[in-house]
Amino acid sequence: MTFPGKSQAPPLLDARGLVREFSGIAAVDGIDVSLPPGGFLAVFGPNGAGKTSLLRMLGGGLRPTRGEVWLGGMRIEAGSPRGRERIGVLSHQTFLYGHLTARENLRFFGRLFGLGDLDRR
């Protein structure tokens, strides 16, 4: 995926051939995703289409049956904190505080999860 006017920097997020099977049935079947720095991804589909499984694999919370996820040039393994400390996933219920600005919400949750250098992030 390319974005007109954006630099040709290497992708921040790069996932190739993601497959996730449950009891032999593919919930996610061969998905490729590439996002540049500052990019975002929206996933739409009916219930049971594999949206949550895809997002969990991209965020390092679920191991793909096949395929790989790379974040900032590092391969992300499910359960490894390397992915979770570098990516945010907002799904279903947001749990954001409506009386806080977006930046204040980010700082609050950053402190909650022990992230350093919040101003730079």
Packing-ranked peptide list from 39-48, 106-115, highest mean Cβ count within 10 angstrom first, is 106-115, 39-48
Non-local residues with an amide H under 5 Å from the amide H of Ala27, with H modelled 1.01 Å from N and Pro and chain starts lacking one, are Arg20, Glu21, Phe22
From fewest to most C-beta neighbours within 10 Å, the residues Leu100, Leu18 line up as Leu100, Leu18
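Every read-out reported here was derived from the displayed coordinates using simple, explicitly stated rules and does not represent laboratory data. Please read these numbers as outputs of a predicted model, since none were measured by experiment. Note that each Cβ is placed from the backbone with ideal geometry, even for glycine, and that neighbours are counted across all protein chains shown.
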